[in-house]
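All remarks here apply to the structure that follows.
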Amino acid sequence: MNAAATASDPLADALLAARLFLISPKTLGGMQLRGGGPMRDALLNAIRDAGTRLRRLPAHVDDERLLGGVDIAASLASGRAVHQRGILSEAAEAGATLLLPMAERMRDALAGRLVQAFETDASAAPHGWILLDDGIEAEERPPRTMLERTAFHCDLSQSEWRDSVELPKAAKSTTPADVAAPDAASLTALANTAAALGVDGLRPLIFVQEVARANAALEGRKTIAERDLTVAVRLVLAPRATQFPQTEDESAEPPEQSNDPAPDNDTQENTDPGDRALEDILVEAAEAAIPADLLAQLSSDKAKRAAQSSGTGQKRKSALRGKPLGTRPGLPRGGARLALIDSLRAAVPWQPLRRRELGREIDEAGANEQIIMRREDLRVKRFEERAGRVTIFCVDASGSAAAARLAEAKGAVELMLAQVYVTRSEVALIAFRGEGAELLLPPTRSLTRARRALSELPGGGGTPLANGLTMARDLADMIAARGRTPSLVVLTDGRGNIAADGSPGRKQAGADADAAAKAILHSGYEALVIDIAARPGPHAPDLAASMGARFLALPMADAKMLHAAVAAATASANKAAA
Amino acid sequence: MARFPFSAIVGQDEMKQALLIAAIEPAIGGVMVFGDRGTGKSTAARALAGLLPPIPAVEDCRYGCTGEQRGTCPDPCTSGRVRKRAVPFVDLPLGATEDRVIGALDLEKALRAGEKSFEPGLLAKAHRGFLYIDEINLLEDHLVDLLLDVAASGENVVEREGLSVRHRAKFVLIGSGNPEEGELRPQLLDRFGLSVEVSTPTEIDQRVEIMRRCGEQERDAHAFAESWAGEEDKILRKVARGKSKLAKMETPDAIMQDAAELCMAVGADGLRGELTLMRAARAEAALAGAKAVQRKHLIAVAPSALRHRLRRDVLDETGSTVRIARAIDELFG
């Protein structure tokens, strides 16, 4: 049987992946289960039924609870140091697997801790992890540090209802350690397949051979067969594919499986025909399992692919750093720092009373007498932190904003970027043209990426101003929700001619753009409209008024002037806000 | 778990060499590794730390004092016994708080006994070893500043919460990051002695070899370590010889001249570039077993020592490595 025959069922794949993961959890790291829904719950139940202990780790867990440490409240109550154990070591001892809900919202800091715990001493770590990823948008993903070390990426959002969900049965007698290493030809074929699918990095290569071995063990064999390799490729490499293998038929539909090797594959020359055939089978198995929407994504926009990372800054907590603001009652945990003097000050007036309560004599000299502190005395420091600023450039790339102006806008954005590592702000770029708006660059500090996105910015077509503004507002909402301050810079001539639904027509387009601008005003984001029309008309100032934005007309500006103007405008805005 | 042998790491020669240079010449000031995820950056650093011979230190000293330094740390340590301990390798997690890094007030003691005492942090732990920071470009700025400052001065000075503590913190700082995800400020980059670029090997043969070795290690880590013991020994001897040679290394004036000219030609800012270049070249020569520094040593380390110090032009996309290679060709070609 060719394993590719079962490729189209994500749930069956996830079940098989879960079984393989449970065979060697420490080597394979974990599973990502994307898409909440009844089938995911069913799958989790099946995993539990297979005898796996799961330990739920809530996203808000603090360091003390995660890694263990002194339990301050209990210590104070009992008058001696009470240590609490961390969840990680508890789970490790119980042989449990960590279950991480809402993994797409996981803080980078938590991911860092987890990865460190698993990598420093695997023997004292829990049995892998399961990431419950409820993300919908492509950007909503678990932290990459975790994803990378997770062998199986399963997407269950499209899976169909099924009555009975059970893990495949394992052959008890064989373990992966009994399975011989894959031979050179298989390794070469796997490496070539990874290259053909554009899978970078070495971890997938390691996972893929371990999965093959686990699958052989599952089926009770001691050598790795072709079907083990196809399973491994399908489960490990296909979900990581960043390009479609270059076979002759580049149809948008995944080719139906067949036992004949695909016609040709010109990615590698130095393999002999035997390897070639195997490799083709593997590539084909992967192809059948590559999600259909991936194809659409890849063909539509390659730049977006690079942009799908979540490498943006983490949420700021004002209890950690910044300008001190005084103290408040609370426990020093989760990184909040104890304000010792204030805690003592809070405790001192109560000492006589507390001693009497405890039946101790008041020692006149006060020597050798401990201060009796209680939990409610504790004070932690508060800090004021300035939220990081993200400047969203919303650039009109339509035909009416002449090509020359577009180049200037690009230049200005580049100059602003050059300052980014001084000011530590981030930049995002939205372009609108033709029938819609596009997020070319999610918030980033990376010059490399920004430069690439800019150089690929095309021009021409209609002016879907409303769409551009709406997308800018959505992005601003997202940024604000993460605790940073967005500000908008809209470069346009203000003459929208594509309505929000993508239909042409200046009148409707104008009304829609006005509505979108008012929505920005309503959200209260700081905005700046720069008129880049060759001959400034009333449109852009009107737009700025609807948006509550400042307005700049720059009929003859070059990139440097534009940059200076934006810098001056944001600086004055900062002052006004302060 | 048995560590992956340093010598069994496939390819990545520039990174391995840079790590060895930093291991024998701590004055070099750290190594910055740029590159994709999953290319064996942390594996290499960890492997090197595990390979180096254990260091003698006062028993139970939290600051890693040597026998001669007994009683000079903030604790102070009193034990009369000196024991060998493994070269420390500290992995700094993303999102570590300042308290954890530099150390903080020992809350337990403060609250129970009203005693002001210092709980050492990761910097104390890393003393005499390696401090590895993955994704340093995503680390909080103020932490990076602090780390580099300590790495440069070799001493951690804590002045806060009524504490006034200083202790030795000499370590080899190894940072890694992916430039696609954010830049490091040039001031900070300059503080790193060497920078190397690693990428996923593209040749299929290399990738297959990596898969094979990782598979072997996965199956039987001990047997795998055994089979590489000979190679590991060679590296150990190379490091030991390098350390002893470095002390007596001669540096001809002509080589200093070369270094200065090269720095001028590529436009590397500041004196630090020149100094690091010379130090790295001396270490390189010592590792190679030479008596005096030669031009080939200089050329070998020039990309690592200068790559991250070139003045950057936002609109110029020519890679720094290319610019250095060009300058070397013009000057010495």
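At-a-glance table
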| quantity | calculated |
| --- | --- |
| Residue identified as within 14 Å of chain B (Cβ to nearest Cβ) and surrounded by fewer than 21 Cβ atoms within 10 Å (Cβ to Cβ) among A:Asp183, A:Asp134 | A:Asp183 |
| The listed residue being of a type in the set (Phe, Trp, Tyr), more than 21 Å from B:Pro54 (Cα to Cα) and more than 9 Å from every other protein chain (Cβ to nearest Cβ), out of B:Phe118, B:Phe171 | B:Phe118 |
| Selection from the stretch A:45-71 of residues that are assigned to a helix (DSSP H, G or I) and over 23 Å from the mean Cα position of the chain (by Cα) | A:Asn45, A:Ala46, A:Ile47, A:Arg48, A:Asp49, A:Glu64, A:Arg65, A:Leu67 |
| Residues that are within 14 Å of another protein chain (Cβ to nearest Cβ) and in contact (Cβ under 8 Å) with a residue 60 or more places away in the chain, drawn from the stretch B:135-154 | B:Ile136 |
| Residue ID - nearest to A:Ile87 (Cα to Cα), chosen from residues in the stretch A:55-66 that are surrounded by 17 or more Cβ atoms within 10 Å (Cβ to Cβ) and hydrophobic (A, V, I, L, M, F, W, C) | A:Leu66 |
| Condition check for A:Asp108: under 20 Å from the mean Cα position of the chain (by Cα), buried (at least 17 other Cβ atoms within 10 Å of the Cβ) and acidic (Asp, Glu) | yes |
| Among (1) more than 11 Å from chain A (Cβ to nearest Cβ); (2) within 22 Å of B:Ala45 (Cα to Cα); (3) surrounded by fewer than 17 Cβ atoms within 10 Å (Cβ to Cβ); (4) not acidic (Asp, Glu) - the single one B:Gly242 does not satisfy | (3) |
| Residue satisfying condition, being surrounded by 12 or more Cβ atoms within 10 Å (Cβ to Cβ) and more than 30 Å from B:Arg191 (Cα to Cα), within set B:Glu216, B:Glu261 | B:Glu216 |
| Given (1) outside any helix (DSSP H, G or I); (2) of a type in the set (D, E, K, R); (3) closer than 19 Å to B:Leu236 by Cβ, number of the condition B:Arg46 does not satisfy | (1) |
| Filter result for A:Pro126 (buried (at least 20 other Cβ atoms within 10 Å of the Cβ), of a type outside the set (A, V, I, L, M, F, W, C) and in a loop (DSSP other than H, G, I, E, B)) | yes |
| Residues (assigned to a helix (DSSP H, G or I) and either of a type outside the set (A, V, I, L, M, F, W, C) or crowded, with 24+ Cβ neighbours inside 10 Å (or both)) located in the stretch B:20-43 | B:Ile21, B:Ala22, B:Pro26, B:Ile28, B:Lys41, B:Ser42, B:Thr43 |
| Qualifying residue in the stretch B:113-135 (condition: in contact with a Leu (Cβ under 6 Å, 6 or more places away or on another chain) and among the aromatic types (Phe, Trp, Tyr)) | yes |
| Residue check, A:Ala18 among the aliphatic types (A, V, I, L, M) and either surrounded by fewer than 21 Cβ atoms within 10 Å (Cβ to Cβ) or part of a strand (DSSP E or B) (or both) | no |
| Output for the stretch B:155-165, where each listed residue is under 22 Å from A:Ile341 (Cα atoms) and touching a residue at least 24 places away in the same chain (Cβ under 8 Å) | B:Val158, B:Glu161, B:Gly162, B:Leu163, B:Val165 |
| Residue list for the stretch B:186-213, filter: in contact (Cβ under 8 Å) with a residue 24 or more places away in the chain and at the interface with chain A (Cβ under 7 Å from one of its Cβ atoms) | B:Thr200, B:Ile210 |
| Answer from A:Ala191, A:Ala214, A:Ala195 - the residue that is within 13 Å of chain B (Cβ to nearest Cβ) and free of Cβ contacts under 8 Å to residues at least 60 places away in the same chain | A:Ala191 |
| Selection within the stretch B:100-134 - in contact with a strand residue (DSSP E or B) (Cβ under 9 Å, 6 or more places away or on another chain), at pLDDT below 80 and among the acidic types (Asp, Glu) | B:Asp106, B:Glu108 |
| Members of the stretch A:137-158 that are among the basic types (Lys, Arg) and either surrounded by 24 or more Cβ atoms within 10 Å (Cβ to Cβ) or under 15 Å from A:Gly29 (Cα atoms) (or both) | A:Arg144, A:Arg149 |
| Some residue of the stretch A:485-503 being surrounded by fewer than 17 Cβ atoms within 10 Å (Cβ to Cβ), part of a helix (DSSP H, G or I) and at pLDDT below 90 | no |
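The values are calculated or read from the model by the stated rules, or taken from the named source; none is laboratory data. This one's a predicted model, so the numbers in the text were calculated from it and none came from an experiment. Methodologically, a virtual Cβ is constructed for each residue, glycine included, from the backbone with ideal geometry; neighbour enumeration extends over all protein chains shown.
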